[in-house]
1. Can you tell me which residue is surrounded by the fewest Cβ atoms within 10 Å (Cβ to Cβ) among those in region 201-248 that are of a type in the set (Asp, Glu) and closer than 24 Å to residue 282 by Cβ?
2. If residue 211 passes every condition in (1) touching a His at 6+ places or on another chain (Cβ under 7 Å); (2) farther than 20 Å from residue 122 by Cα but one, which one does it miss?
3. Only one of 289, 358, 320, 293 is among the small types (Gly, Ala, Ser) and over 20 Å from residue 216 (Cα atoms). Can you tell me which?
4. Any idea which of (1) at pLDDT below 95; (2) assigned to a loop (DSSP other than H, G, I, E, B) is the one residue 267 doesn't satisfy?
5. List every residue pair whose Cβ atoms lie under 6 Å apart, where the two residues are 6 or more positions apart in sequence or sit on different chains, the first residue falls within region 363-374 and is touching a residue at least 60 places away in the same chain (Cβ under 8 Å), and the second residue, located anywhere, is in a loop (DSSP other than H, G, I, E, B) and not polar (S, T, N, Q).
6. Looking at residue 259, is it surrounded by fewer than 19 Cβ atoms within 10 Å (Cβ to Cβ) and touching a strand residue (DSSP E or B) at 6+ places or on another chain (Cβ under 7 Å)?
7. Which residue pairs have Cβ atoms closer than 8 Å, lie 6 or more positions apart in sequence or on different chains, and pair a first residue in region 280-292 that is at positive phi with a second residue that is among the polar types (S, T, N, Q) and assigned to a loop (DSSP other than H, G, I, E, B)?
Amino acid sequence: MQKPSQNASAGVGASRHAFCVGVGQMDKKGLAVEKNLDICDQSILVTGGTGSFGRAFVKTALDMCPKIKRLVIYSRDELKQYEMAQMFPREQYPQLRFFIGDMRDENRLRRALEGIDTVVHAAALKQVPAAEYNPFEFIKTNILGAQNLIEACLDHSVRRVVALSTDKAAAPINLYGATKLCSDKLFIAANNFRGARDLRFSVVRYGNVMGSRGSVIPFFMDKAKTGVLPITDPAMTRFNISLEEGVEMVFWALERALGGEILVPKIASYRITDVAEAVAPNCRQEIIGIRPGEKLHEEMITQSDSLNTLDLGDYYAIMGSGMEATRARYLELKGVTAMRQGFAYDSLTNPDYLDVEGIRTLIRRHLDPHFQPI
C-alpha cells in the first residue's frame, strides 16, 4: 500500500467547496453546477437537530437566510432542546420550532413533516462499542428510522432530503457502520420509487469532524493534563473535516445534488502521531492497541465503488444502483469525469496531509483561539 507523503501539506482547512454559487455560475473547480433550490425560500426539518451538526446547521441557515420560512428541530432530548432554545430565543427567531420525537415513531414524523419542503437527516445512534452490545436498538433507529422518514417524505410535499452518513459505512467492519450502509442504500434507492414527485434523496459521507464530541483532538487536549496520551496505533491515519465544512457540504447537496448519489468531500488526512505532537509534544505516548471495530485507516470510497464514482471537482459522487440517467446528467456538466476502475479514497493514500503546524492552526481556528501546545 502506498505510504503517506512525508512532505505533508500545511493546509489550514480553508473552505474549498462551492457555497452559494449563483445559477449557472462556475464553482471553484470550474464545474457548471446548476443551483436548483433556494434554501432561503424553504421550510426545513432537521432530525437530530440538537447535536453539534444540527446546531451549526441551524446557526448557518438563520445567518444566511434570516427570513427563512420555518426551521423545525426534531429530536428526542428535551434538555438539549431547552438549551438550544436559549441559544436561539423565540423573540429573535420566531421561525424556529422544536418537536420532541423519535425516528422510530412514524406517526410523529408524519406530523412533524406537515408543510416541510426540505429535510436534513442527522439523527442516528453512533457509538461503535454501544452498537455491538445493543444491535437491535441501532437497527431500529438507524435503519428502520430511515425507512420511516423516507415513507413519510414520500407521502408529504417534501422536495429535498439529504442524509448524513459516515466513513464507517464504507466496507463496514462494525455494526454501526453496517447500519449506516443500509441506511445509505435506503435513501439512494428511494429515488427509484419516488414516481413523478419533485423529490430528490441524497447522502453526504464524511469522517471525523474536528472537535466533535468524542473525537481525537479534544480527547488528547483533555488527556494531556495527565502527561500521557493513549495512542491506539502509531500508523493510524484519519481524514479531517471541520464542522463548518460539513455544514457547507450539506447546503451544497441541498441546492445542487441531482439525487441518487453519495457525496464525499476532498479533504486532508492526518497521522494520529502528528495530532499527538501538535497537541502535547511534551507528553509521553502510550500505545494501547487498536479497538474492536476500529480501522487503521479511514475509507470513504472503496475500489468496488470505483466504476460508480464521478469526480465533481470539490466532491466525489458515488452513484447508486439504477441512477444511470442521473450519472449521464452529471457527465454532461463541464469538468465532471468518471473515475478509473480500481480507484479508492482512503486516509492513508490521500495525497493531501496536514502537518503538525497545520493541525495547530486548525485547532486555533475551530476549537480554541488561545490554544498552546502542552
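The values are calculated or read from the model by the stated rules, or taken from the named source; none is laboratory data. Bear in mind that the values here come from a model prediction, so they are computed numbers and not experimental data. Positions of Cβ are generated from backbone atoms using ideal geometry, with glycine treated the same way; all protein chains shown enter the neighbour counts.
1. Residues of region 201-248 of a type in the set (Asp, Glu): 222, 233, 244-245, 248.
Right, trim to closer than 24 Å to residue 282 by Cβ and you get 222, 233.
Values: 222: 10, 233: 16.
Once the filter is applied, the top-ranked residue is 222.
2. Tallying (1) touching a His at 6+ places or on another chain (Cβ under 7 Å); (2) farther than 20 Å from residue 122 by Cα, residue 211 fails exactly one: (2).
3. Values: 289 fails: over 20 Å from residue 216 (Cα atoms); 358 fails: over 20 Å from residue 216 (Cα atoms); 293 fails: over 20 Å from residue 216 (Cα atoms).
Going through 289, 358, 320, 293 in turn, just one is among the small types (Gly, Ala, Ser) and over 20 Å from residue 216 (Cα atoms): 320.
4. It is condition (1) that residue 267 fails.
5. Short answer, once both residue conditions are applied: 363/371; 366/210; 366/211; 367/211; 373/281; 374/280.
6. Working: surrounded by fewer than 19 Cβ atoms within 10 Å (Cβ to Cβ): no; touching a strand residue (DSSP E or B) at 6+ places or on another chain (Cβ under 7 Å): yes.
Judged against the criteria, residue 259 is not a match.
7. Hits for this filter: 289/232.
Every residue, every condition in (1) touching a residue at least 60 places away in the same chain (Cβ under 8 Å); (2) out of contact with any helix residue (DSSP H, G or I) (no Cβ under 8 Å at 6 or more places or on another chain); (3) crowded, with 21+ Cβ neighbours inside 10 Å, yes or no:
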residue: 39; (1), (2), (3): yes, no, no
residue: 50; (1), (2), (3): no, no, yes
residue: 71; (1), (2), (3): no, no, yes
residue: 91; (1), (2), (3): no, yes, no
residue: 109; (1), (2), (3): no, no, yes
